[in-house]
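The values are calculated or read from the model by the stated rules, or taken from the named source; none is laboratory data. Note that the coordinates shown come from a computational prediction; the quantities given were computed from them, not determined experimentally. Note: ideal-geometry Cβ built from the backbone for every residue, glycine included; neighbour counts use all protein chains shown. Each accessible area value is taken on the protein alone, full model and side chains, heavy atoms only, with ligands, DNA and RNA left out. Shrake-Rupley method; radii C 1.70, N 1.55, O 1.52, S 1.80 Å.
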Amino acid sequence: MQDAVLYVSQPGARLTRTGERLIVRAIDGKIVSDVPMFRLDQVICFGTVEPSGSALLALSRRGIDLVFLSQDGRFKARIAPSRPRAVQCRVKQYQRSLDPEFRLTMARTLVGGKLNLSRVWLLRQNRNRDSRLTSQILGISGCIDSLREACSVDQLMGIEGTAARYHFEALKLILKQDLGFNGRVRRPPKDPVNALLSFGYTLLFNRVVSAVEQVGLDPMISNLHGLEDRRPSLALDLMEEFRTLIVDSVVVGLINRMEICATDFDDLGEKGVQMKERTLARFVKAFQDRLNDTMPHPREDRSFTLRDLIVQQAYQYKSVILGEASEYQPMTTR
């Protein structure tokens, strides 16, 4: 299945519409992309991309998200169509959000799913049974065991934070290039690995936001992440189980295959490290390829692409909200 997301990374590019097609023109007027709009679910623009009024209106009428990111992948803005048929679903969602037991159960399930996937993925990487890597995996296993004792969302977040430190310490051991990675640093990313991780998580986040809204849920009402104005916390909840499956695996693959190295980044001093344009394009391709990989569905006896599984998990969450399913089953892998 062809990717339904168009990435526009050329500085100064302009989005225009011709009939039912979206045209991307470079700053010199040359056509970079010419895509039928029926194939698109989302358009992601990096840096100084300018949409015409006609293009904006056409994308909105066809239910296509338009996302603006900085050149290094930081979220700037999002224009999304309204979802007029989601009222009853959202009423149920708001009611569930007032149930402390439901929130705690769902938060524990989401954290457990994320940590289990992290542990299994790291076990796959530890074919040589490195004692240092084994130690980090055991640390994550201990965190998984402690989840059942957590009696609040704050405690779950604390356990998740501890497991994340084990995970990124293990990730450092897996990498075959020394790119200065010594742990997760977000704003700004101080090394190439953190720059890639942040960029990948931003791409994943926008996919999940789109999936959540597609199924009729309110992306702001979450269970694990705290409720804040202007933050789609439910998308942050539901993306947790896909972080390692999609982003971490892409980052490690690109670095360990030597497809990306230190010279693919610009050092901006106090502003951190930024991908060069060619690096961005290379990562986006690897990200799209990963979304096309298939995995078994946690509830059905068949496989889906990871792209479709993001939407399927959003639908599953909706089923729990509506009482059509008794529990949420996170992603699993062998």
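With respect to the conditions (1) within 19 Å of Gln288 (Cα to Cα); (2) part of a loop (DSSP other than H, G, I, E, B), Val32 falls short on a single one, namely (2).
Of all the criteria given as (1) in a helix (DSSP H, G or I); (2) within 20 Å of Ser198 (Cα to Cα); (3) open to solvent by 20 Å² or more (accessible area, probe 1.4 Å), the one not satisfied by Glu259 is (1).
The set of residues in the range 173-220 that are in contact (Cβ under 8 Å) with a residue 60 or more places away in the chain and hydroxyl-bearing (Ser, Thr, Tyr) comprises Ser198, Thr202, Ser210. Of the residues in the range 226-235, none is open to solvent by 10 Å² or more (accessible area, probe 1.4 Å), in contact (Cβ under 8 Å) with a residue 60 or more places away in the chain and among the basic types (Lys, Arg). If you go through the range 80-106 and pick out every residue that is in contact with a helix residue (DSSP H, G or I) (Cβ under 7 Å, 6 or more places away or on another chain), modelled with pLDDT under 85 and hydrophobic (A, V, I, L, M, F, W, C), you end up with 1.
The set of residues in the range 135-162 being of a type outside the set (Val, Ile, Thr) and within 20 Å of Ser233 (Cα to Cα) consists of Ser152, Asp154, Gln155, Leu156, Met157, Gly158, Glu160, Gly161. Please go through the range 89-137 and pick out each residue that is outside any helix (DSSP H, G or I) and surrounded by fewer than 15 Cβ atoms within 10 Å (Cβ to Cβ). If the condition is that a residue be outside any helix (DSSP H, G or I) and surrounded by fewer than 15 Cβ atoms within 10 Å (Cβ to Cβ), then Leu98, Asp99, Arg127, Asn128, Arg129 are the ones that fit.
Determine whether Glu160 is under 25 Å from Ile144 (Cβ atoms), in a helix (DSSP H, G or I), touching a residue at least 24 places away in the same chain (Cβ under 8 Å) and open to solvent by 10 Å² or more (accessible area, probe 1.4 Å).
Considered against the rule, which asks whether it is under 25 Å from Ile144 (Cβ atoms), in a helix (DSSP H, G or I), touching a residue at least 24 places away in the same chain (Cβ under 8 Å) and open to solvent by 10 Å² or more (accessible area, probe 1.4 Å), Glu160 comes out as yes.
In the range 1-27, which residues are on the phi < 0 side of the Ramachandran plot, in a loop (DSSP other than H, G, I, E, B) and either open to solvent by less than 40 Å² (accessible area, probe 1.4 Å) or at pLDDT 85 or above (or both)? Listed by number, the residues that qualify are Asp3, Ala4, Ser9, Ala13, Glu20, Ala26, Ile27. Considering only the range 132-155, how many residues are without any contact (Cβ under 8 Å) to a residue 12 or more places away in the chain and closer than 12 Å to Ala170 by Cβ? Of the residues in the range 132-155, 3 are without any contact (Cβ under 8 Å) to a residue 12 or more places away in the chain and closer than 12 Å to Ala170 by Cβ. Out of (1) of a type in the set (A, V, I, L, M, F, W, C); (2) touching a strand residue (DSSP E or B) at 6+ places or on another chain (Cβ under 8 Å); (3) open to solvent by less than 10 Å² (accessible area, probe 1.4 Å), the odd one out for Phe205 is which? Condition (3) is where Phe205 drops out.
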